[in-house]
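In what follows, a single structure is set out as structure tokens and then discussed.
What follows is calculated from the coordinates using simple rules that are stated; it is not laboratory data. Please read these numbers as outputs of a predicted model, since none were measured by experiment. FYI the Cβ positions are ideal-geometry reconstructions off the backbone, even for glycines, and counts take in every protein chain you see.
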Protein chains: 2
Amino acid sequence: MAPREHAHPDLHEVELVTVLAALAEPTRLRIVRMLAALEGERAWKDIDLPIAQSTLSHHLKILRNAGLVQNRTEGTRCFISLRDEELEGRFPGLLESVLSCGDPVPLQTAAEKLRR
Amino acid sequence: MAPREHAHPDLHEVELVTVLAALAEPTRLRIVRMLAALEGERAWKDIDLPIAQSTLSHHLKILRNAGLVQNRTEGTRCFISLRDEELEGRFPGLLESVLSCGDPVPLQTAAEKLRR
DNA sequence: TTCGATGTTCGACGAACATCGAACTACGAA
DNA sequence: TTCGTAGTTCGATGTTCGTCGAACATCGAA
């Protein structure tokens, strides 16, 4: 579909676990970092990662539902940005601490190594 | 098995995504909060949650592998504590921001609502 | 109106996850 | 040594997740 107007949750209704779950995935964490490094918004098309469009759309939906990210539609294309200030209000220090840890995000699915 | 000596990872080898994944589960987040509220260590047996022993053991292993938690064995029983200071060194502000958000942890599996 | 570009939704698939009960192991106490 | 206590590991089960390609919807341009 074309970029539609999406519902963005009120951050007061977003739970911490939801945000953590959204961040606990390499691809999504990478997206968040990319947006943070931008200090503004980024065109959907310019998010180029080695994944299918549908997968990217899926991840963005999850980030959006977790209140991490915001969509703005302009004609047929859309722009993504971090809801950093609102997040700071709801979860003080969280985003910053996640971003300040600058080490590379692994390509692997995080929890893979947790079991053993 | 009886409480055995477990390997605890060097925090420098623990990745951020790993920690986030460990925290992004209600039961585990609850355990971490419980330990944080204690300001010390807690006996395994005293962690009473409505889950089977084997499940608790499983979650503790994941927290341990993520470097969040530490086991100390004493005879046949063991004590769990948060590795808060080390974590502060590796991921400054992270644990604090997670703990400071005091709202209740849902019983539900976090990411359940993210998809839709 | 037709076409192309841009994202989104659907359905399917395999991998990973949380959970349990049962079997097991190691230790202290009787 | 035998028994109970304390945790861990194993195997099984049902659920959720990340991923893809295909079909679809919406808009601007020709």
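In region B:76-92, the qualifying residues are those that are closer than 20 Å to residue B:40 by Cβ and within 8 Å of DNA strand D (Cβ to nearest atom), and the one that is farthest from the other protein chains (Cβ to nearest Cβ) is B:77.
Give the residue that is nearest to the chain's Cα centre (by Cα), with candidates limited to residues of region A:41-67 that are at negative phi and assigned to a loop (DSSP other than H, G, I, E, B).
Our first condition is that a residue be at negative phi; within region A:41-67, this holds for A:41-66.
Okay, now just the ones that are also assigned to a loop (DSSP other than H, G, I, E, B), so A:47-52, A:66.
On the way: A:47: 12, A:48: 14, A:49: 13, A:50: 16, A:51: 15, A:52: 17, A:66: 8 Å.
The extreme case among them is A:66.
Only one of A:95, A:11, A:56 is more than 9 Å from chain B (Cβ to nearest Cβ) and more than 16 Å from DNA strand C (Cβ to nearest atom); which? Working first, answer last.
On the way: A:95 fails: more than 9 Å from chain B (Cβ to nearest Cβ); A:56 fails: more than 16 Å from DNA strand C (Cβ to nearest atom).
So the residue among A:95, A:11, A:56 that is more than 9 Å from chain B (Cβ to nearest Cβ) and more than 16 Å from DNA strand C (Cβ to nearest atom) is A:11.
With the requirement that a residue be more than 18 Å from residue A:77 (Cα to Cα), away from chain B (no Cβ under 11 Å) and not in a helix (DSSP H, G or I), what does region A:14-40 give you? Once the filter is applied, which keeps residues that are more than 18 Å from residue A:77 (Cα to Cα), away from chain B (no Cβ under 11 Å) and not in a helix (DSSP H, G or I), region A:14-40 yields A:37, A:38, A:39.
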